[in-house]
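S.K.: The structure is given below, and queries will be raised subsequently.
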């Protein structure tokens, strides 16, 4: 009887040992590629057959989040830096453009603060000495222009910047001291050299519609007046359309003329009805925009 009990007990012990062994075999194991977090807690994963993570240290999770956030933060900073660089580049271009025009502004400031005019002062020579290209201009016209700048001076040069021809680069406009839409002179950068392309005075003024057109209004004499619509062709301003009114001294009546790509001539082929002249005149002058500004 005792042998049977001992035999049964042995069987039971053997069964318990087998069950214990199976339980040990099914426990999670530490991956051979275990990593440790900053706190020293190991990252435990399931058996290699599963891709799911059963446990991850809080510290490691934070680090992961921080790492991701850090990357995002870096990307954001990089993006902001890129934006700043772009803005800086844009501002730099604008600032550089304006810096290139500074010699012109300096000359006008001197001219407007002198308080005297006539032959005592030669603005066009000052422009040349400051590296400004005035070779495209009629010197007599420029001298008259500077003469009126001096006589009309309030001690301060009036100017502004505007992209007239739509090429993304601003031009320098010398504006009237009295008329908010009038342009007295226009300078462009040609190979980074400030170049004078327009110069006006009391009987020869310029305006813009803000859409790439410059309008020139002029009185050739007491009886002749014209308006030209112009655009920049990459080298100079050229006429696209022009109108003119002339008083006939014999009849004391006005005659009207219109031409394309040139100034009208007092010839029958350029003659136009007064209504056409008035319509164009009103349309053009109504489009003039305000340009008056002090010190840019």
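Per-residue answers, yes or no, for (1) in a loop (DSSP other than H, G, I, E, B); (2) at pLDDT below 90:
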| residue | (1), (2) |
| --- | --- |
| 124 | no, no |
| 127 | no, no |
| 135 | yes, no |
| 149 | no, yes |
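S.K.: What number of residues within region 200-212 satisfy the criterion of being surrounded by 20 or more Cβ atoms within 10 Å (Cβ to Cβ) and either assigned to a loop (DSSP other than H, G, I, E, B) or touching a residue at least 60 places away in the same chain (Cβ under 8 Å) (or both)?
M.R.: Here the count works out to 3.
S.K.: A follow-up question, please. Could you name every one of the strands (runs of 3 or more DSSP E) located completely within region 218-296 that has at least 1 residues being in contact with a strand residue (DSSP E or B) (Cβ under 9 Å, 6 or more places away or on another chain) and either within 23 Å of residue 138 (Cα to Cα) or touching a residue at least 40 places away in the same chain (Cβ under 8 Å) (or both)?
M.R.: Working: elements: 224-232, 237-248, 253-260.
Counting at least 1 such residues, we get 224-232, 237-248.
S.K.: Just the residues that are within 30 Å of residue 189 (Cβ to Cβ) and either in contact with a helix residue (DSSP H, G or I) (Cβ under 7 Å, 6 or more places away or on another chain) or surrounded by fewer than 16 Cβ atoms within 10 Å (Cβ to Cβ) (or both), please, taken from region 240-259.
M.R.: We begin by selecting, within region 240-259, every residue within 30 Å of residue 189 (Cβ to Cβ); these are 240-242.
Residue satisfying the conditions is 240 alone.
S.K.: Report the residue count in region 185-199 for those that are at pLDDT below 95 and crowded, with 20+ Cβ neighbours inside 10 Å.
M.R.: Result for region 185-199: 0.
S.K.: Would you confirm whether or not region 135-158 contains a residue that is closer than 24 Å to residue 286 by Cα and under 27 Å from the mean Cα position of the chain (by Cα)?
M.R.: Scanning region 135-158, I find at least one residue that is closer than 24 Å to residue 286 by Cα and under 27 Å from the mean Cα position of the chain (by Cα), so the answer is yes.
The values are calculated or read from the model by the stated rules, or taken from the named source; none is laboratory data. Owing to the predicted nature of the structure, the values given are computational and were not obtained by experimental measurement. Every residue, glycine as well, gets a Cβ built from its backbone with ideal geometry; the counts of neighbours run over all protein chains shown.
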